[in-house]
Amino acid sequence: MPTEVILIAAVTVDGYIARHNLEVTSWSEDLHLFKEQTMGSPIIMGFNTYSTLSAELEGRETILIHRNEDPKAILSSIKEERCFVIGGGKTYFRFAPYITHIYVTPHPYIFGQGVPLFDGTPEEMRLGFQDLVTVNDKKGIYQYQYRVLKQ
C-alpha cells in the first residue's frame with residue numbers, strides 16, 4: 001500500500017469541482033502542475049471523471065474505480081510509494097479515510113451548486129500546512145498542500 005495517498009483537485013472558492021458530473025473542466029489553470037506532480041504515479045478516478053478526460057493521461061497508471069470496489073483493496077494492490085486520487089466527488093469521499101495529503105487549488109469562480117469536493121460527509125480531518133505552489137500569481141491562483149494529521 002502506498003505511504004502517500006494524495007487527493008489532488010482544482011476547486012471553486014465555494015468548494016465545487018465541476019458544475020455537473022460530466023463537465024469537461026476547462027476553467028482549471030493548474031493542469032500543467034497536475035501533470036508534473038502526477039507523472040509516473042498511479043492515478044485513481046471514478047468513471048465520471050474518466051469519461052470527461054479529453055485524452056489518456058500518459059505516463060501514469062490509470063486505476064478506474066467502480067462503485068462496488070473496496071478502496072482499501074485497490075490501495076493494497078498498488079506497489080508504488082505514492083498515488084493520487086484525482087476525482088470525482090464520490091471517489092474522494094470513498095477514499096477519504098486513506099488520504100494522507102491534500103493538494104487543492106482554489107480558482108476564482110463561484111458555481112453556487114455542482115459537484116462538491118466530497119460527495120458525502122467524510123470524517124473530520126485536521127490538516128497541517130506543507131507548501132504553497134504558485135499556479136498564476138497575477139490571478140491569485142495557488143495550490144495549497146496539506147498533510148492529514150493523525151487524529
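Readers should treat all values here as calculations from the given coordinates under stated rules, not as data from a laboratory. What you see is a predicted model, and the numbers here were worked out from it, not measured in a lab. Neighbour counts run over all protein chains shown; Cβ positions are idealised from the backbone, glycine included.
Taken over the Cα atoms of the stretch 73-131, the convex hull encloses 118 Å³ per residue. Peptide packing for 121-130, 62-71, 101-110 was compared via the average number of neighbouring C-beta atoms within 10 Å per residue; ordered from the highest value, the list is 101-110, 62-71, 121-130.
Along the axis of the charge dipole computed for the stretch 5-110 (Cβ charges of +1 for Lys and Arg, -1 for Asp and Glu, origin at the Cα centre), the listed residues 54, 95, 78 are led at the positive end by 95.
Scattering from the chain was approximated by placing one identical point on each alpha carbon and applying the Debye formula without solvent; log10 I(q)/I(0) at 0.10, 0.14, 0.16, 0.19 1/Å stands at -0.31, -0.64, -0.87, -1.29. Among beta bridges identified by DSSP and lying wholly in the chain, the antiparallel ones come to about 45 percent.
Among the listed pairs 79/138; 90/150; 90/138; 72/139, those with a Cα-Cα distance over 30 Å are 79/138; 90/138; 72/139. Given +1 at the Cβ of Lys and Arg, -1 at the Cβ of Asp and Glu and no other charges, the dipole of the chain around its Cα centre is 200 debye to the nearest 20. Helix content alone sets the calculated 222 nm mean residue ellipticity of the chain: runs of n ≥ 4 DSSP H residues at -39500 (n - 2.57) each, divided across all residues, give -4000 deg cm²/dmol.
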